[in-house]
Amino acid sequence: MKLYHNRKLILSGLISFMLVILALFYFLTQQSTNTSETILFTCVILFAVVMFLYSFYQRKRYERSISMLNADYKEVYTLVVDKITTSNLTSLERHHVKEDLLNMMLDAQNRDESVQSFIGNVDEFSKSIINALGGNMSLLIYEITGLQYLIGFIIFVKFADNLNQIRSLSDYFDATISYKSLLLFTLVSLITIPLIFSIYKKNVEGKLITQIGIFLGIPIFSVLSFELIVLLINSVEFNQGQSVVFDSIYGFITALLLLFVGFIIKRSISKHLLQQ
Amino acid sequence: MSKNSQMLKGILEGCILKIISMKETYGYELVESLNDGGFKGMTEGSVYPLLLRLEKKGFIHSVKKPSPLGPKRKYYFLTPLGHEELSDFLLGWSHLKVTIDYFIEKEAL
């Protein structure tokens, strides 16, 4: 259960670690000293470190607050948090509800109010919160949620690219993405991501195969849209040269398989830890 | 949800908007006002989802302020949209009250 509740911290640490490794690879492989690029990657490293430290600080502050709840309140709080965590609320909504609930419970505890008189039926309370907030998300929330996913995917692409350079692997993992391509890819994904996420959120309680299909649909649909746009741009001779995300189709399929495996592992761990 | 629950929910939301329109308030204080007004048995657990719904609709807004007892409290206040909604509710309620009173007081059709 501790691993499950620390997953955001672990994920933040992992992304920060990968960003730092990415920046280090860049410094190791670059021959020229370009001041602006050096500054950019120094900022990337600093950002990664700050992101991780901030997540760590927030986590510790949260754990300190929870430790102030007595046994009855803590038990009910954990039950409600588990229910809303597995619901279709956005991570932002879940965060706000958890924070509100914790503060209200601490306040009620200070007034010597029993947890039963504070919350009543836990199931009904959780359902009413989910019903009050559930439903259509704003476009902005979709974009923020999807961009987090996209950043992870792009980091993986660049990570594979740098790994290929360092270890001189065959072109199996050939993953080349120029910064111009990255920008266009991001702009395309700002449209494709919310479209797919809106379908994903509506099917979050649906069949596993549907969820997997939608989950993998984000990179597939985004890359295909990106490639189509590049072809269209090249066909009207505005842009010279080639811009692709993956030179090798096998590398792309491998990345998708890894995402698929990661999704299954994440889902299995979440279910297993919640059942404990 | 039964029809009575639906009706009560609508009335409760209107009353909550009215209470908040009178002064900025937080969850427990709101529950006390509702209990004093006759809605016995209200708890923060039953009011909080209603407040979430009202905030999502844009009728109320919240700010966190320090509290003397320790954790920060969420104070709610009415938005301009909330004032419009409250006016609509009060108008609708006054019409409904007149209609219901008419049938209650009528001795024969």
Shape call, segment B:65-107: gyration tensor on alpha carbons, a/c limit 1.5: oblate
Under the span-like rule (Cα at least 18 Å along the axis, Kyte-Doolittle mean at least 0.0), DSSP H helices of chain B: B:3-22, B:80-105
Virtual spin-label span in nm between residue A:79 and residue A:112, 7 Å along Cα→Cβ: 2.5
Shielding by partners, peptide A:115-122 (average Cβ within 10 angstrom, other chains): 3
Residue-count net charge about residue A:117 - beta-carbon cut-off 12 Å; Lys, Arg +1, Asp, Glu -1: -3
Shielding by partners, peptide B:82-91 (average Cβ within 10 angstrom, other chains): 0
Model label zone, residue B:9; criterion: amide N under 13 Å from point 7 Å along Cα-to-beta-carbon; scope segment A:108-126: A:125
Three-way shape label, chain B, alpha-carbon gyration tensor, a/c 1.5: prolate
31 Å Cα-Cα threshold exceeded, pairs from B:23/B:106; B:40/B:74; B:9/B:64; A:83/B:65; B:65/B:97: B:23/B:106; B:65/B:97
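Every read-out reported here was derived from the displayed coordinates using simple, explicitly stated rules and does not represent laboratory data. The shown structure was predicted, so the numbers you read here are calculated from the model rather than taken from an experiment. Cβ sites come from the backbone with ideal geometry, for glycine too, and all protein chains shown count toward neighbours.
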